[in-house]
Amino acid sequence: MTLGLTTVGELLAKLGLTPQKPLQRAYQRDPEAIEQWQRERYPAIAQAAKREKADVFFWDESGFRADAVHGKTWGVRGQTPVVERPGQRQSISATSAVNAKGAFWFCTYAGALNAELFVVLLRKMMRHRKRPVHLVLDSLPAHKKACVREYVASTKGKLTLHFLPGYAPDLNPDELVWSHVKRTGVARRPLQKGEKLEEKITKQLSEIQNQPDLVRSFFNTPSVAYIRDC
């Protein structure tokens, strides 16, 4: 017996199944390393920070393009809508650090990140900070170069770096910041005549910085619930 599409759909619905966009996960992920991070490594970081009266931040970088358009809009059937955008290919990169208590720091920069630029950004983040910082980030090669280690050592314990398991960006709440920015910002409303991409990104990140409740909400996602448990 052959079932029609409607019947199949009704059957799947009764089983509690719905059509969904799947999450993407790298096959190189190490489930044991991820579990160890959640159960042992991060709790140890949190405990050390508490003893030292230090702050724990999660760091990540992202890139933006003025010609990126995400999402959909309404249009007449058979007629693809046209979204006007600048002809110039403006691009900008940004880095940010997010804290479960609602603190948020960011900085924009041009071009690709290298170790020397990473040190410059770290210096900016650490400027005027009174409390030590435990910084959690991914294992990008630029994050682990000798000049970075030298700078961290020069802080004499004021800054400590901790690296997430490989291929596990979902463990980093700062990824959710970039997802929010790209869902709600320039990608949803293209630049108008005379507008600059860097100014728009800076404005949106400044707005996030002034909304600690929004920042804290990024830590409510199930994939980063381990942070709030510590």
Exercise for the section: Test Leu161 against the criterion of being closer than 27 Å to Glu35 by Cα, in contact with a strand residue (DSSP E or B) (Cβ under 7 Å, 6 or more places away or on another chain) and of a type in the set (A, V, I, L, M, F, W, C), and give yes or no. Expected result: yes
Practice task
Quick one: Ser217 ticks every box in (1) more than 16 Å from the chain's Cα centre (by Cα); (2) without any contact (Cβ under 8 Å) to a residue 60 or more places away in the chain except a single one, so which number is it?
Solution key: (1)
Practice task
Take the stretch 27-76 and flag every residue that is at pLDDT 95 or above and among the β-branched types (Val, Ile, Thr).
Solution key: Ile34, Ile45, Val56
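Quick check on Thr155: is it under 19 Å from Ala66 (Cβ atoms) and surrounded by fewer than 18 Cβ atoms within 10 Å (Cβ to Cβ)? Outline the logic, then answer.
Details: under 19 Å from Ala66 (Cβ atoms): no; surrounded by fewer than 18 Cβ atoms within 10 Å (Cβ to Cβ): yes.
No; evaluated as a whole, the condition is false for this residue.
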Exercise for the section: Determine, yes or no, whether Tyr167 is buried (at least 16 other Cβ atoms within 10 Å of the Cβ) and on the phi > 0 side of the Ramachandran plot. Expected result: yes
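Which ones in the stretch 173-184 are without any contact (Cβ under 8 Å) to a residue 60 or more places away in the chain and under 23 Å from Arg41 (Cα atoms)? If you could, list the steps in order and put the result at the bottom.
Of the stretch 173-184, the ones without any contact (Cβ under 8 Å) to a residue 60 or more places away in the chain are 176, 179-180, 184.
Within the stretch 173-184, just Leu176 meets the criteria.
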Practice task
Could you tell me whether the stretch 190-200 includes any residue that is within 16 Å of Trp59 (Cβ to Cβ) and either in contact with a helix residue (DSSP H, G or I) (Cβ under 7 Å, 6 or more places away or on another chain) or among the charged types (D, E, K, R) (or both)?
Solution key: no
Handout entry: Scan of the stretch 200-214 for residues that are assigned to a helix (DSSP H, G or I) and either of a type in the set (S, T, N, Q) or touching a His at 6+ places or on another chain (Cβ under 6 Å) (or both), ordered by number
Key = Thr202, Gln204, Ser206, Gln209
Completion exercise
Flagged in the stretch 86-140 as charged (D, E, K, R) and either buried (at least 19 other Cβ atoms within 10 Å of the Cβ) or closer than 20 Å to Leu171 by Cβ (or both), in numbering order, are Lys101, Asp138
Problem - Odd one out for Thr160 among (1) in contact with a His (Cβ under 6 Å, 6 or more places away or on another chain); (2) within 15 Å of Ala94 (Cα to Cα) - result: (2)
Fill in the blank from the handout: Residues in the stretch 185-212 that are farther than 20 Å from Ala46 by Cβ and under 17 Å from the mean Cα position of the chain (by Cα) total 12
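The values are calculated or read from the model by the stated rules, or taken from the named source; none is laboratory data. Note that the structure is predicted; figures quoted are calculated from it, not measured. Glycine gets a Cβ as well: all are built from the backbone with ideal geometry, and neighbour counts include every protein chain shown.
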